[in-house]
Amino acid sequence: MWLSDLRGVKLQALMVFSGLLSRKLGHEMDFFKTNEVKSGTLMGVFIPCLQNILGIIYYIRFSWIVGMAGIGESLVLVAFCGLCTFLTSISLSAIATNGAMKGGGPYYLIGRALGPEVGVSIGLCFFLGNAVAGALYVLGAVETFLNAVPAAGIFRETVTKVNGTTVEPIQSPSSHDLQVYGIIVTILLCFIVFGGVKMINRVAPAFLIPVLFSVLCIFLGVFLAGKNDPTEGVTGLSLESFKENWSSDYQMTNSAGIPDPLGKVYWNFNALVGLFFPAVTGIMAGSNRSASLKDTQRSIPIGTLAATLTTTALYLVSVLLFGALATREKLLTDRLLTATVAWPFPAIIYVGIILSTLGAALQSLTGAPRLLAAIANDDILPILNYFKVADGSEPYFATLFTAFLCIGCVIIGNLDLITPTVTMFFLLCYAGVNLSCFLLDLLDAPSWRPRWRFHHWSLSLLGASLCVVIMFLISWSFTIVSLALASLIYYYVCLRGKAGDWGDGFKSAYFQLALRSLRSLGASQVHPKNWYPIPLIFCRPWGKLPENVPCHPKLADFANCMKKKGRGMSIFVSILDGDYHERVEDGKAACKQLATYIDYKRCEGVAEIVVAPTMSEGFRGIVQTMGLGNLKPNIVVMRYPEIWRRENLTEIPATFVGIINDCIDANKAVVIVKGLDEWPNEFQRQYGTIDLYWIVRDGGLMLLLSQLLLTKESFESCKIQVFCIAEEDSDAEGLKADVKKFLYDLRMQAEVIVITIKSWDTQVEGAQQDESMEAFTAAQGRIASYLSEMKATAESRGTTLMADGKPVSVNEQQVEKFLNTTLKLNSTILRYSRMAAVVLVSLPPPPVNHPAYFYMEYLDLLVENVPRLLIVRGYRRDVVTLFT
């Protein structure tokens, strides 16, 4: 009972879904009622594809192509173009059977496989191709009408010479006649389209019968030609004509295709590819009607491939028959040879051509607006919002826009100039379908399970390559223009379009590439030449930030300064205090907010939120587990807690020192930024120097950071100064020479300044009156007071000295030594680097068994009165190398 109910629900959902799709697609075979009978493979796919493929080119250009290219090259031409569409049909079958399809036809397939940017760019080109194809069909119908009824022409052209030989006058439709009648017909067709798809569906069968009947009449006429009252130039099926027409005879023609040595158009195989290729298009007709099919997974592959093979076989047989039917002169001068030889009389062919081409034009003017509306409804490009339509509504604005494009192409009035344009847009679409199948087949994601099994990535790649080759064979200039147009649309979508995640193949490719890269990197130590900074930006502030600001704004600016030309990745981490089960939703919301803020700051990175009982526990978990393999963060970046004493935040020293110790234990480098509020953004240019106080060996991290700063516009005008400390004056010159040689080998330009211990002591003696001495005295007093409180507490409790819940050992002489060393370094920085753009100094490790409060006093004295300072500690790994 439950299973039958479930099936009923599924059936009802599918019926409603098909109704929604049909209102979007709007083709003549669509169904608007969920209770209508669905079409099978024959009527739903095969016949519509056959009707779209077999069109105007076959009737009024095919015999001319045989006369120009000869039988041999015509066979190659048909096989070449047929192979392209056959491979595309295989790719289409695979993608179409991998799931349900929505409105938009090939745009939907390509967009969901290659992403919204590629989908929209190719989809818009395919829309233009359909709009231009509408003009192609209109001009074909008008030209056929004017040839059938010459008296209807307002302007007539008469040709009296062919290849310099005087012949009987040949009437050719004037381009002005094509323009006038073409505009009138387009406007009439637009009125029908505005009447709705239901009106078009009622007359659809009328366009199919004349096509099939006219083809039958042509074949009957070919076999009967030359036996009763033969027409001049028509020899009937003749071996002599076959031999004469086997080779090609490329020559100059006028704009109407009549051979003329003074003509302006020269034909070759490449040009004929562009002329003939529209005769093999139309393979998307079945996939566009997926909502009206009983079994999409079965009908689309069988129907599309059957139509492709049938029309290709028809063209191959027609090449042989037309080549043996008439002389070359007749093939080249009688543009409507199919009507001339048709049995019982030519009028049938004229009527058939006109009705079939008008039906195809009606399809283009009906399908192109719905394609544009489908692109607009995906809400990727805001500029297309005018063409949005509700489900079940007619796309009137899109139809009007399509009509204007069609009329513009009709005004050109030359069928042979329009067909290459149509070919380029259709080839772009076919290449997109093949590339989509190639990517999905090659990646073979778990979701890639098409019911159509006869496909392979190599066939799709060959199909895409053929499409590109054909494009360049036709016209390299048209190809460049069409690719440039698609690229411009792609760039515009990337720039202005809204982000859309459709689970496209590129995302899968990135994922697999990332997995392979991660495995290839392994877990061994990275060579210094391949070392990249992967900073872990600790966003948790030492204090409060404004509401809805999840990270200090300047931290993102500083993270960008640690990348060369934007290469690299930052991990922004924040910690929420509390129980994970209680605050899991808060964590998700905070992560989303932080990720949005990172994008807003245009910083390449990812956001992570950790819920933990305390900040220390959360950070300890982060530093142990964050990252994979060699893509773990290697530098921890955080703000210096300048506010801890001002706001009496007594818990900060223990947390801060604990984080530093965790980084040292986990072998992570540390960069602490003091003066973060004054850190420049990308528009604030800095002048002066970048000063490095190189106290301890750090693997070259401090040097590398200074070089990365110089690559940014804000610091590119600065120069680097490296300060070193020598024990004796006699060692100064040797140390300076060694450091210069080391920097030269590292390809780094910097001025080296050596400070000796003796001059350091003299400098401090002379600094008794400066601000450093005042800070030193204040620090001594606070440390003595804190130590007295510790001793009093220990005596009252009868325990050893305790700080931060742990026993400590305090050597007062060592504390004094630390304070004096820090005083000397601070005085040196203020003497030499007061006007520096930024100062980098080595971070001393926290002394073992010292209270965290003492260490904060040391650092406070070190950074006193230095406006912008980076305190850097490297790790047990070189990040620069001397060797190439």
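So the values come out like this:
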item: Residue count, the stretch 54-95 (criterion: part of a helix (DSSP H, G or I) and either of a type in the set (Gly, Ala, Ser) or at pLDDT below 85 (or both)); result: 16
item: The listed residue being of a type outside the set (Gly, Ala, Ser), touching a helix residue (DSSP H, G or I) at 6+ places or on another chain (Cβ under 7 Å), under 22 Å from residue 349 (Cβ atoms) and modelled with pLDDT under 85, out of 149, 211; result: 211
item: Top-ranked residue of the stretch 245-267 - restricted to ones that are closer than 23 Å to residue 133 by Cα and in contact with a Phe, Trp or Tyr (Cβ under 8 Å, 6 or more places away or on another chain), ranked as modelled with the lowest pLDDT; result: 257
item: Yes/no for residue 19 being assigned to a helix (DSSP H, G or I), at pLDDT below 70 and either farther than 27 Å from residue 483 by Cβ or not charged (D, E, K, R) (or both); result: yes
item: Where a residue in the stretch 263-279 is in contact (Cβ under 8 Å) with a residue 12 or more places away in the chain and its partner, wherever it lies, is among the basic types (Lys, Arg) and part of a loop (DSSP other than H, G, I, E, B), with Cβ under 8 Å and at least six apart; result: 275/61; 276/61; 279/61
item: Residue ID - most open to solvent (accessible area, probe 1.4 Å), chosen from residues in the stretch 723-753 that are within 46 Å of the chain's Cα centre (by Cα) and more than 30 Å from residue 554 (Cβ to Cβ); result: 744
item: Residue 773 surrounded by fewer than 16 Cβ atoms within 10 Å (Cβ to Cβ), more than 20 Å from residue 695 (Cβ to Cβ) and modelled with pLDDT under 85; result: yes
item: Those residues of the stretch 532-563 which are over 23 Å from residue 620 (Cβ atoms) and not in a loop (DSSP other than H, G, I, E, B), in sequence order; result: 553, 554, 556, 557, 558, 560, 561
item: The stretch 429-464 - residue that is open to solvent by 20 Å² or more (accessible area, probe 1.4 Å) and either of a type in the set (Gly, Ala, Ser) or closer than 30 Å to residue 408 by Cα (or both) and, of those, farthest from the chain's Cα centre (by Cα); result: 458
item: Search result, residues across the stretch 263-279 that are closer than 10 Å to residue 474 by Cα and not in a loop (DSSP other than H, G, I, E, B); result: 269, 270, 271, 272, 273, 274, 275, 277
item: Test result for residue 154, modelled with pLDDT of 65 or more and outside any helix (DSSP H, G or I); result: yes
item: Single residue of 660, 720 found to be under 26 Å from residue 545 (Cα atoms), aliphatic (A, V, I, L, M) and buried (at least 19 other Cβ atoms within 10 Å of the Cβ); result: 660
item: Test: residue in the stretch 492-514 that is open to solvent by less than 70 Å² (accessible area, probe 1.4 Å), over 17 Å from the mean Cα position of the chain (by Cα) and either modelled with pLDDT of 80 or more or charged (D, E, K, R) (or both); result: no
item: Residue within the stretch 813-821 that is in contact with a Ser or Thr (Cβ under 7 Å, 6 or more places away or on another chain) and surrounded by fewer than 21 Cβ atoms within 10 Å (Cβ to Cβ) present; result: no
item: Yes/no for residue 192 being β-branched (Val, Ile, Thr), surrounded by 14 or more Cβ atoms within 10 Å (Cβ to Cβ), in contact with a helix residue (DSSP H, G or I) (Cβ under 9 Å, 6 or more places away or on another chain) and modelled with pLDDT under 70; result: no
item: Index of the failed condition, residue 467 passing every other in (1) open to solvent by 20 Å² or more (accessible area, probe 1.4 Å); (2) of a type outside the set (Ser, Thr, Tyr); (3) more than 20 Å from the chain's Cα centre (by Cα); (4) at pLDDT 85 or above; result: (1)
item: The lone exception for residue 240 - which of (1) modelled with pLDDT under 80; (2) acidic (Asp, Glu); (3) at negative phi it fails; result: (1)
item: Selection count, the stretch 326-339, where residues are within 52 Å of the chain's Cα centre (by Cα) and closer than 14 Å to residue 225 by Cα; result: 4
item: Selection count, the stretch 157-189, where residues are of a type in the set (D, E, K, R) and at pLDDT 80 or above; result: 1
item: All positions within the stretch 847-868 that are touching a Phe, Trp or Tyr at 6+ places or on another chain (Cβ under 8 Å) and open to solvent by less than 20 Å² (accessible area, probe 1.4 Å); result: 851, 852, 854, 856, 858, 859, 861, 863
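Per-residue answers, yes or no, for (1) farther than 25 Å from residue 876 by Cα; (2) in contact (Cβ under 8 Å) with a residue 40 or more places away in the chain:
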residue	(1), (2)
673	no, yes
677	yes, yes
690	no, yes
703	no, yes
717	yes, no
723	no, yes
744	no, no
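So that you can scan it fast, the table gives a plain yes or no per residue for (1) under 39 Å from the mean Cα position of the chain (by Cα); (2) part of a loop (DSSP other than H, G, I, E, B); (3) over 16 Å from residue 862 (Cβ atoms):
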residue	(1), (2), (3)
660	no, no, no
664	no, no, yes
667	yes, yes, yes
671	yes, no, no
682	yes, yes, yes
691	no, no, no
703	yes, no, yes
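The values are calculated or read from the model by the stated rules, or taken from the named source; none is laboratory data. What you see is a predicted model; the values in this text were computed from it and never measured. A quick note on method: Cβ atoms are made from the backbone with ideal geometry, for glycine too, and the neighbour counts reach across all protein chains shown. Accessible surface is based on the protein model in full, side chains and every heavy atom, while ligands, DNA and RNA are left aside. Shrake-Rupley method; radii C 1.70, N 1.55, O 1.52, S 1.80 Å.
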